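Have a look at the structure below before the remarks.
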Amino acid sequence: MSLPTPWLLPWFALIVAQILPSWALGAEARVRIEANEAVIRVHAELEARADREQAWAVLTDYNRWAEYIPDLVVSRVISPPGEPIRLEQRGSIPWLPNFPLVMIALVEELPPRMVRFRRIAGNIRDMVGEWQIHGQSPVRLVYRSTVIPGFPMPPDVSVEIFRHDAKMKIEALAQEMERRAAAGRRP
């Protein structure tokens, strides 16, 4: 086998530079949005190179989500131990810095496959959804939600806000699952 001629090396380097970052950061989420009237339905999924136990540990580590999910400023359980889980989340919208997203959700855990949530307070009018973990290793992480934003902004902007939010969250959670799997640690 002969080595590439010198004039091919820059092209080869360019191709490797474009492929390598996406491989190193993991797969990109597939996000589908259905919107009609005031209702937005979000479906996102992504494969993570982690086992179910590691995926579950990250998915339910709510108090640390803000450490690795971009645009999430606060994520904390605000209910006392032993009570139903109430989760407070506050996020920012990169292109609307003066418009924070605020939600308090009631969370139901169905280990080790599903987390359901339902908005009970905040500036989102209504939101219900779930996170699912499919498979053993690797796992497929699935996010679904139905949202009625209630924001004083055009519907197209609201759709993009929730598309961006789903993509950022699922990709960040998958990356953290993979990071912990590579480190061989649980929560």
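The values are calculated or read from the model by the stated rules, or taken from the named source; none is laboratory data. All values derive from a computational prediction rather than experimental measurement. Cβ: placed from backbone, ideal geometry, glycine included. Neighbour counts: every protein chain shown.
Things worth noting here:
- Residue pairs whose Cβ atoms lie under 8 Å apart, sitting 6 or more positions apart in sequence or on different chains, and linking a residue in the range 60-79 that is closer than 19 Å to P100 by Cα to a partner that is assigned to a loop (DSSP other than H, G, I, E, B) and at pLDDT 95 or above, are S75/I69.
- The set of residues in the range 124-143 being among the charged types (D, E, K, R) and part of a strand (DSSP E or B) consists of D126, E130, R140.
- Count of the range 100-111 residues which are modelled with pLDDT under 95 and outside any strand (DSSP E or B): 0
- Some residue of the range 158-176 being free of Cβ contacts under 8 Å to residues at least 40 places away in the same chain and part of a loop (DSSP other than H, G, I, E, B): no
- Checking each residue in the range 75-130 for being under 17 Å from the mean Cα position of the chain (by Cα) and exposed (fewer than 13 other Cβ atoms within 10 Å of the Cβ) picks out only P94.
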